[in-house]
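Any read-out appearing in this document is the output of simple, stated calculations on the displayed coordinates, not a laboratory observation. Since the structure is predicted, the reported quantities are computational estimates derived from the model, not experimental observations. Methodologically, a virtual Cβ is constructed for each residue, glycine included, from the backbone with ideal geometry; neighbour enumeration extends over all protein chains shown.
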Amino acid sequence: MNAHSPVFLLKLALCLYAAGIGSALLAVRRDKLANLLGFGSATVAALCGIWAAILALTASAADQVASFTLWPSFVPYIELKVRFDALGAFFVLIVSVLALALSVYAFGYVRGFYGRKSVGVLAAFYNALLLATTLVFTASNAFFFLIAWEIMALTAYCLVSFEHEQAEARNAGVLYFVMSHAGTGCLILGFLLLFQTSHNYDFASFRALGAALSPGTRNAAFILFLLGFGVKAGIVPLHVWLPVAHPVAPSNISALLSGVLIKTGIYGLTRVLFDFLSPVPNWWGVTVLTIGTISAVLGVLYALMEHDLKRLLAYHSIENIGIILMGLGAALMFLHTHHPVLATLALIAGLYHTINHAIFKALLFLGAGAVLHSAHTRNMEEMGGLIKRMPKTAFCFLVGAVAISALPPLNGFISEWLTYQSLLQGFRSTESLVRLMFPLSGAMLALTGALAAACFVKAFGITFLAQPRSEHAAKAHEASPTMVGGMGILVAACAFLGLFPTTFLQLFDPLTAQLTGQTLSAQLSLHGAVFPVLRNAQDLEAVSSTYVPSGSVSTLGLAFVGVGLVVSLLLVLKLVWSRKTKVTAGPTWDCGSKGLTPQMEYTATGFSKPIRMIFKALFRPHREVQREYDYSPYFARTLHFESHIEEAFVARLYRPLNRRILRWSLRIRGLQAGSIQAYLIYIFITLVLLLIFAL
């Protein structure tokens, strides 16, 4: 076998992940050795995965799909077979890039667990999660997919509950476990519906179904897959596990959960909706677009209210999953109205944002992990002034904040810009009232972008600027070189995807050719500029016979302009300073007080109060003020203020549902009478019902 073939490199990556599991467990009592072997193996495996994915996405048409049997099986319907096509290769690229950065970061990060927690166990589960996730993206049949999916869910549960001595981690693990398996149940039912018609669990047989499924079966399968994959993706209202599980996991695992694990839901929806069940009815696209819009807006609104840095980032994952679903939903609607070029544009926008979000959100979680590692708190109210003590971490976090805020010239701008353009073009794609969904979703995307920028002004400003608000923040120190190196890899990825999008867009050609039958990299790029409005009038003839291209945008050009302005400003300052102007440094103006103190700083609560007041009908904030007086009721000696909000879906949906389930469970306990005769009757009745159903 060719050592430079995608199949060989993918096999090597899988073997190295497996070797990482074994070596970490063998060295489970030696933390330093387990760290070196477990995360070192994952680093090399990630490099192999990156190279394999790039080769697969740039291969000739005849070599773009490769398959092999991972392990022989003698059980009917169960075939452990891998299929490495363009869609799978794209998602393998995502998991491999993140695995590289997170593994390098982990070399320094896990030293904080030495002598306290088993690094070998952490490294083993980490490699197992990467192995299972890679197999999820490359499984060629439903059985193998579900096996890998379940291994992925169980290893993620173990990693979320890694610090199980804390009640918060245990509760988060249980919630994730319950939600994940409820979603898996929906997936099993969805695949069984497809099996009823295809009589085969292989994905190739699902692709051949076409319109063979009855409308009722197709709609039922769509709903089941949307629920099953939606739980893992964290769409509203199935998102409740995500802001609970992400903060309690180790920070490199939080980055993996947000960057990769929730993307398995996006992969599943893309695979099913574009590959298995196409063509789709229009209401499917409308549903996905609506859910995406709601998830984006609510995710960023709840993120703005958070003072826990990692919970804030977790809610932003919900927001960005919503943005991805906007692109996928718009693509489904364009396919229904027979506009494959617009569908391809929207699909590229959604998938581009998938890899962008994976990279900048992992970067932000690693930055938050470095802060937690040094300041020993996730509460932003106890931070401040960290830019002087952790300048490298502050710079990396700032790059992630700019990227997630969709500001040029970084990568978040490209994918959100393409999403805007696909939504704006959608208004002309049909004459029905459904077209109003496009400008409405575009407006909500604009609102989401503005709120995201405000949220990360808060996150960066409260965390890194001004003065320390606690003793831990005052004694914080810079992260270790490997932790900074892991963040540096993701900073470079953010810059590359933002500054050189035309190079990366070429990797989408085999993917979009597989899913929509179109390629757009040539139409979307020229001399480094991205053309979000297509230049070929014939491609949009069905939309507008008078189509005229409106221009282009180049992030690389914007970067050069920005650098030129900065250099010009520095030259002007140099000329001014060269005149030997006397400069005196003094303290910051304090309005006549004796000096600035941390009590004078903006707090996270104060920063977000205007948004909380505007959306108080959604947040329903609760405030508690306690005062203690000495002699006069007009002069308080101490003042205690506490404010919090309660998420609407938790308070109005999940808690009432939980109470009802517990009440029903208490009643059902009566069936467990302890009588063998009663149990035999239950078995007999079950068999009779199964026979009736089979007939």
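Points to keep in mind about this one:
- Pairs of Cα atoms nearer than 8 Å and 6+ residues apart set the relative contact order; for the chain it is 11 percent.
- Signed unit charges on C-beta, dipole axis of the chain, positive-most listed residue 524, 48, 307: 307
- Computed per residue of the chain from DSSP H runs no shorter than four, each worth -39500 (n - 2.57), the mean residue ellipticity at 222 nm is -21500 deg cm²/dmol.
- Cα gyration tensor shape for region 649-694, rounded if a/c is under 1.5, else prolate or oblate: oblate
- Under-5 Å amide H pairs with residue 236, H placed in peptide plane, nonlocal only: 295
- Prolate/oblate/rounded label for region 289-391 (Cα gyration tensor, a/c 1.5): prolate
- Amide H contacts of residue 80 (H built 1.01 Å from N, in plane; Pro and chain starts excluded): 71, 73 sit under 5 Å, all sequence-distant by 5 or more or on other chains.
- Spatially proximal aspartates and glutamates relative to residue 388 (Cα-Cα < 14 Å; intrachain offsets below 8 disregarded): 478
- A simple packing score, the average count of other Cβ atoms within 10 Å per residue, orders the peptides 239-251, 157-169 as 239-251, 157-169, with the highest score first.
- When peptides 272-281, 567-576 are sorted by average Cβ neighbour count within 10 Å, with the highest value leading, the order is 272-281, 567-576.
- For Kirkwood radius over Cα pairs in Å, the value calculated from this model appears in (1) 30.1; (2) 37.8; (3) 27.0 under label (3).
- Dipole of the chain, positive end: most advanced residue of 274, 216, 115 [Cβ charges, Cα centre]: 115
- Mean separation of Cα contacts under 8 Å, 6 or more apart, over the residue count of region 106-202: relative contact order %: 25 percent
- Sequence-distant aspartates and glutamates (8 or more away, or on other chains) whose Cα lies within less than 17 Å of residue 616: 306, 624, 642, 646, 647
- The alpha carbons of region 39-145 occupy a box of 50, 36, 16 Å along the principal axes, longest dimension given first.
- Only Lys, Arg, Asp and Glu carry charge here, each on its Cβ (+1 for the first two, -1 for the last two); on that basis the chain has a dipole of about 1280 debye about its Cα centre.
- Within a straight-line Cα-Cα reach of under 22 Å, residue 232 can be paired with the following lysines, leaving aside sequence neighbours fewer than 8 residues apart in one chain: 263, 310, 361.
- Ranked packing of 594-606, 436-448, most packed first, by mean Cβ within 10 Å: 436-448, 594-606
- When the charge dipole of the chain is built from unit charges on Cβ atoms (+1 for Lys and Arg, -1 for Asp and Glu) and taken about the Cα centre, the candidate among 248, 595, 326 whose Cα reaches farthest toward its positive end is 595.
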